[in-house]
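A.B. asks: I'd like to ask some things about the structure below.
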Amino acid sequence: MTEEIFDVCDAQDRVVGQCSRQEVHARNLLHRAVHIWVWNSAGELLLQRRTATKDQFPDCYTSSASGHVDAGEDYETAAIRELQEELQLQGDLIWGAKLPASAETAYEHTVLFHLQTDQSPIPDPIEIASLSYLPTATIASVLKESPQTFTPPFRRLFEDWWAEEIGLERMTPV
């Protein structure tokens, strides 16, 4: 297995170099990541619980699928790849938001995509310990009571972007 190489970025998300995954994480260098939120037709969000063997945030809940953008790769290509690798799902992705890199996003410039599907996901057991579809109100409640059980990037996406800009009431099925 070859070592993953990521683009290192500046605060404006311009590529300024490349480094290994290990070095990027050890030095908290700014880099790129994608998150994909998979919604079912009932308006529930698919959450994954990361395996205990993950190098960052083991056993935490996070987005349906997520991952780093490889060197030279664009956000959408990375999202399509991560969705396939982690859940064996495909579909038309919808751009959601872009958050700047910060400590709260694990030093990742983060792009969120959405996918609505009722296809059954097939989780990668190396990456994912379990999957759950949950209403956004339930996620908000658990997040408020136990924020440490979620990855920091997911908390930032959900609390700062989803809940404030879209509003929980919009995700309630009609």
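The values are calculated or read from the model by the stated rules, or taken from the named source; none is laboratory data. Everything numeric in this text was worked out from a predicted model, so none of it was measured. With ideal geometry, Cβ positions are generated from the backbone for all residues, glycine too; neighbour counts draw on all protein chains shown.
A.B. asks: Could you pull out the residue among THR151, THR136, THR110, THR172 that is loosely packed, with under 14 Cβ neighbours inside 10 Å and either at pLDDT below 95 or farther than 22 Å from ALA42 by Cα (or both)?
C.D. replies: THR172
A.B. asks: Give the residues of the range 32-56 that are touching a Pro at 6+ places or on another chain (Cβ under 9 Å) and part of a strand (DSSP E or B), sorted by residue number.
C.D. replies: Scanning the range 32-56 gives ALA33, HIS35, VAL38, LEU45, LEU46, GLN48, ARG50.
A.B. asks: Here are some conditions: (1) surrounded by fewer than 17 Cβ atoms within 10 Å (Cβ to Cβ); (2) among the aliphatic types (A, V, I, L, M); (3) not in a strand (DSSP E or B). ALA97 meets all but one. Which one does it not meet?
C.D. replies: Of everything listed in (1) surrounded by fewer than 17 Cβ atoms within 10 Å (Cβ to Cβ); (2) among the aliphatic types (A, V, I, L, M); (3) not in a strand (DSSP E or B), ALA97 misses just condition (3).
A.B. asks: Moving on. If you check every pair at least six apart or on different chains, which have Cβ atoms under 7 Å apart with a residue in the range 58-73 that is closer than 18 Å to VAL142 by Cβ and at pLDDT 95 or above first and a residue that is part of a loop (DSSP other than H, G, I, E, B) and among the β-branched types (Val, Ile, Thr) second?
C.D. replies: Close Cβ pairs satisfying both conditions: CYS60/THR151; THR62/THR151.
A.B. asks: Could you go through the range 20-31 and let me know if any residue there is within 19 Å of ALA140 (Cα to Cα), at pLDDT 95 or above and part of a loop (DSSP other than H, G, I, E, B).
C.D. replies: Checked against the condition, which is being within 19 Å of ALA140 (Cα to Cα), at pLDDT 95 or above and part of a loop (DSSP other than H, G, I, E, B), the range 20-31 yields no hits at all.
A.B. asks: Let me ask you something else. Would you please list the contacts, defined by Cβ atoms under 9 Å and residues six or more apart or on different chains, that run from a residue in the range 6-19 that is closer than 12 Å to GLY72 by Cβ to a residue that is of a type in the set (A, V, I, L, M) and modelled with pLDDT under 95?
C.D. replies: So the pair list comes out empty.
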